[in-house]
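Peer 1: Let me begin by handing over the structure; questions about it come next.
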Amino acid sequence: MEIIIKPLTAELTADYFDFLDNRAFTDNSPWGGCYCTGWQMTKEEEKTQLFDQMEEGFTYGDENFIRVLREIVIRQIESKALRGYLAYVDGVSIGWCNANDKASFPAESANGFQLYAPAEKREKAVVCFEIAPEYRGKGVATALLNRVVTDAKAEGYVAVEGFPQVHKERFKWDYTGPVRLYEKVRFTAITKQDGNVIMRKELE
């Protein structure tokens, strides 16, 4: 199986939606309907751009919710607020990794994470993985993470960080990737906060 990794660009927006709409959550994942927007938004932006645009009585994942969320995604991709990588097999998008300069994240994201660091620190954060169920366990996430590291080093970053959650068994909400994934790419645990380990790979 040949895995091709491509950085997300505006030209690949259709592939992004194709993956998240048709393959990402086919195992009834609790994240069904997610477009990875919350990392790039403050709570206030989420309120004004998403919730205030909803018709009265909306529910998470309904048609109106998805419509507004897709509009946000398109704006984020076009402005490069949302960055990351798509994985392909046989020309079809089957995996996603959200990875961006820490300076591109708000001081506190809508989901409560505090990832921001000044641009001069030259640090990149890996915050989300999603792999089509039938392709899990086949090295797709590893290929995505390796590409993040390779590009970050070429772009002059000094480090890449990930934020896996620690659980004794498989956790269905585990979107940040397991500790063993980061260890495989030679990240090192530097601290633990609120059930999350900060894994870091120095690039210098």
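Peer 1: Over the chain, calculate the relative contact order: mean separation of alpha carbon pairs under 8 Å at least 6 apart, over the residue count, as a percent.
Peer 2: 20 percent
Peer 1: Roll a 1.4 Å probe over the protein heavy atoms and report the accessible area of Asp27 in Å², nearest 10.
Peer 2: Estimated to the nearest 10 Å², Asp27 gives 70 Å².
Peer 1: If you don't mind, there's one more thing I want to ask. Helices from the chain with mean Kyte-Doolittle at least -1.0 and a Cα length along the axis of 20 Å or more, per DSSP H: which?
Peer 2: Membrane-span-like by this criterion, though nothing is claimed about a membrane: 63-79, 140-154.
Peer 1: Where both residues lie in the chain, what percent of DSSP beta bridges are antiparallel, nearest 5? Before the final figure, lay out the partial values.
Peer 2: Numbers: 27 of 31 bridges.
If I count the DSSP bridges inside the chain, around 85 percent turn out antiparallel.
Peer 1: Under the rule a/c < 1.5 gives rounded, and otherwise a/b versus b/c splits prolate from oblate, where does the stretch 64-128 land using the Cα gyration tensor? Spell out each step's value before the answer.
Peer 2: Numbers: a/c = 2.18, a/b = 1.31, b/c = 1.67.
Oblate, since a/c reaches 1.5 and b/c is not below a/b.
Peer 1: Related question: Would you compute, for the Cα atoms of the chain, the largest minus smallest coordinate along each principal axis and list the three values in descending order, in whole Å?
Peer 2: Principal-axis extents of the chain (Cα, largest first): 50, 39, 37 Å.
Peer 1: Out of residues 5 or more away from Ile94 or on other chains, whose amide H comes under 5 Å of its own, with H placed 1.01 Å from N in the peptide plane?
Peer 2: Hits under the 5 Å cutoff: Ala87, Tyr88, Val89.
Peer 1: Now for a different question. Relative to a virtual label point 7 Å from the Cα of Glu155 in the Cα→beta-carbon direction, which members of the stretch 81-102 show backbone nitrogen distances below 12 Å?
Peer 2: Output list for this probe position: 81-85, 98-102.
Peer 1: Per Stokes-Einstein, at 10 °C and 1.306 mPa s, what whole-number D in µm² s⁻¹ belongs to the stretch 74-184, with the Kirkwood radius over Cα pairs as the hydrodynamic radius? Before the final figure, lay out the partial values.
Peer 2: Working: Rh = 14.8 Å.
The estimated diffusion coefficient comes to 107 µm²/s.
Peer 1: Averaged per residue, what accessible surface does the chain expose to a 1.4 Å probe, in Å²? Present the calculation step by step, with values, prior to reporting the outcome.
Peer 2: On the way: 10610 Å² over 204 residues.
Per-residue accessible area for the chain comes out at 52 Å².
The values are calculated or read from the model by the stated rules, or taken from the named source; none is laboratory data. Just so we're clear, the structure is a prediction, and the values are computed from it rather than from any experiment. Note: ideal-geometry Cβ built from the backbone for every residue, glycine included; neighbour counts use all protein chains shown. Side chains are part of the model used for accessible areas, which takes the heavy atoms of the whole protein and leaves out ligands, DNA and RNA. Shrake-Rupley method; radii C 1.70, N 1.55, O 1.52, S 1.80 Å.
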